[in-house]
């Protein structure tokens, strides 16, 4: 793998060459830096043509990234807003003498019951563990529905935090990973990403065949993709 920084079509671009089949471009916050992954054999001229072709989109994406408000890191204090399956909940911290736990109340309150000596860092771990458990509870049911419908099977699956992707699929090992942040998004987004990754077991590339399969399984997947992008700051 090699790394170089060049200016193409007026844009500074950090290029990483890898053993991949297609060019992948990312516009990175907070300053809209361009990072591009390219196959080993692709020439610099071909990469520049790719950048030129996407110039209008790049300019708009850079503006969007630069003007996007920075999200303040949660302090895990009562009154904060937190999300679960697309719904907004008001955080309430209450004192408890027993084991720490998270519960959802009818009035859209997310209550964390902890000892009064619990730090914000500890509360973050408690809530993250709760999110992870809830997401892992939802995935088996979706797999039970979609694997036989699609004629595929994921031999392994897991949940982890990802900075730039909502999911990933290792087609050789038939293993999929789902981003922990999906538990905060609407349930339709989770289903869409899971089907997206399962579809890679039938078609590894994002080509016409892949999207035709997606259209056949989830005809409104584009709406789910749009909702996912509008709802939060993470990008696939």
> Out of curiosity, is residue 217 touching a helix residue (DSSP H, G or I) at 6+ places or on another chain (Cβ under 7 Å), within 17 Å of residue 86 (Cβ to Cβ) and either modelled with pLDDT of 95 or more or surrounded by 18 or more Cβ atoms within 10 Å (Cβ to Cβ) (or both)?
Replying inline: no
> Among (1) touching a strand residue (DSSP E or B) at 6+ places or on another chain (Cβ under 8 Å); (2) within 30 Å of residue 111 (Cβ to Cβ), where does residue 44 come up short?
Replying inline: (2)
> Where in region 1-70 are the strands (runs of 3 or more DSSP E), entirely inside, with at least 3 residues that are within 23 Å of the chain's Cα centre (by Cα) and within 21 Å of residue 229 (Cα to Cα)?
Replying inline: 24-28, 33-39
> Applying the selection to region 200-214, what residues are buried (at least 19 other Cβ atoms within 10 Å of the Cβ) and under 22 Å from residue 163 (Cα atoms)?
Replying inline: 200
> Taking region 106-140 on its own, how many of its residues are under 16 Å from residue 184 (Cβ atoms), touching a residue at least 40 places away in the same chain (Cβ under 8 Å) and touching a strand residue (DSSP E or B) at 6+ places or on another chain (Cβ under 9 Å)?
Replying inline: 6
>> Being closer than 22 Å to residue 189 by Cβ, in a strand (DSSP E or B) and without any contact (Cβ under 8 Å) to a residue 60 or more places away in the chain is the requirement here; does residue 159 meet it?
In response: yes
> In region 164-214, which residue that is more than 17 Å from residue 86 (Cβ to Cβ) and part of a strand (DSSP E or B) is nearest to the chain's Cα centre (by Cα)?
Replying inline: 167
>> On the basis of being within 24 Å of residue 179 (Cα to Cα), in contact with a strand residue (DSSP E or B) (Cβ under 9 Å, 6 or more places away or on another chain), in a strand (DSSP E or B) and without any contact (Cβ under 8 Å) to a residue 12 or more places away in the chain, does residue 103 make the cut?
In response: yes
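The values are calculated or read from the model by the stated rules, or taken from the named source; none is laboratory data. Quick caveat, the model's predicted, so the values are computed rather than measured. Using ideal geometry, Cβ is built from the backbone for each residue, glycine included, and neighbour counts are taken over all protein chains shown.
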